[in-house]
Amino acid sequence: MPSEPPPDTDPLDDRVDGRNETPAERADRNWNEVLQELRVLQTGTQILTGFLLALAFQPAFADLTDAQRVIYLSLVVLSALSAIIALAPVALHRVLFQQRAKRSVVDYGHVALITALLTVSLLLVGVVAFVFDVVVGPSAALWALGILAALILALWVVAPAVIRVRVRSNGGRR
């Protein structure tokens, strides 16, 4: 009795979405999209990490309060964590290379990207709040934190959710 091909090599198009692609082709396309998103995310994270690491070597760093140093070190750890999470799909892809697991790699990449976006959002808000705290004071830091957190929620959570509901209610049409 012939065995069935693995799910990622099924030659039939299993979705009616206007694309004529096999599940394997879709997984390849989705992986390329994940990689492109990872590149964008990594660039911003690397810039923030460089900024944070350079701060420790500035003369004014000695003037930070103990609380500011704790926040600074927390931001450095968060920066490293976001880079580790964003690179995890690439590491998984290397380990599973040529194992016919592209769909699993794409699914893992999706979850890792969502998690990385969460850590980067915390990092962005934290870095700006930290700078406001050092330059202006704690109340300005709280204002910056609140405004940026609201903006991230609006643009990264609410707007995509609204668009998703609209697309679904229109049967996939804009």
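When each of Leu113, Leu148, Leu153 is tested for being closer than 30 Å to Ala67 by Cα, surrounded by 18 or more Cβ atoms within 10 Å (Cβ to Cβ) and not charged (D, E, K, R), the lone residue that passes is Leu148.
Going by the conditions given, is Arg164 over 16 Å from the mean Cα position of the chain (by Cα), in a helix (DSSP H, G or I) and at pLDDT below 90? Explain how you work it out, then say what you get.
On the way: over 16 Å from the mean Cα position of the chain (by Cα): yes; in a helix (DSSP H, G or I): yes; at pLDDT below 90: no.
When the stated conditions are applied, Arg164 does not pass them.
Let's see how each residue does on (1) assigned to a helix (DSSP H, G or I); (2) surrounded by 15 or more Cβ atoms within 10 Å (Cβ to Cβ):
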position	(1), (2)
Ala67	yes, no
Val70	yes, no
Ala88	yes, yes
Phe97	no, no
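Enumerate the pairs (first residue in the range 49-62 and free of Cβ contacts under 8 Å to residues at least 12 places away in the same chain and surrounded by 14 or more Cβ atoms within 10 Å (Cβ to Cβ); second residue anywhere and assigned to a helix (DSSP H, G or I) and not basic (Lys, Arg)) with beta-carbon separation below 9 Å, excluding pairs fewer than 6 apart on the same chain, so at least 6 apart or on different chains. Every condition considered, the pairs that remain are Phe61/Leu55; Phe61/Tyr72.
Among Phe61, Phe57, which is under 28 Å from Leu87 (Cα atoms) and modelled with pLDDT of 85 or more?
Numbers: Phe61 fails: under 28 Å from Leu87 (Cα atoms).
When all the criteria are applied, what remains is Phe57.
The residue list Val105, Val127, Val120 contains one member that is crowded, with 19+ Cβ neighbours inside 10 Å, touching a His at 6+ places or on another chain (Cβ under 6 Å) and in a helix (DSSP H, G or I), which is Val105. If the condition is being assigned to a helix (DSSP H, G or I) and not aliphatic (A, V, I, L, M), then the range 45-65 contributes Thr45, Gln46, Thr49, Gly50, Phe51, Pro59, Phe61, Asp63.
The values are calculated or read from the model by the stated rules, or taken from the named source; none is laboratory data. As the structure is a computational prediction, the values presented were derived from the model and not from experiment. Neighbour counts run over all protein chains shown; Cβ positions are idealised from the backbone, glycine included.
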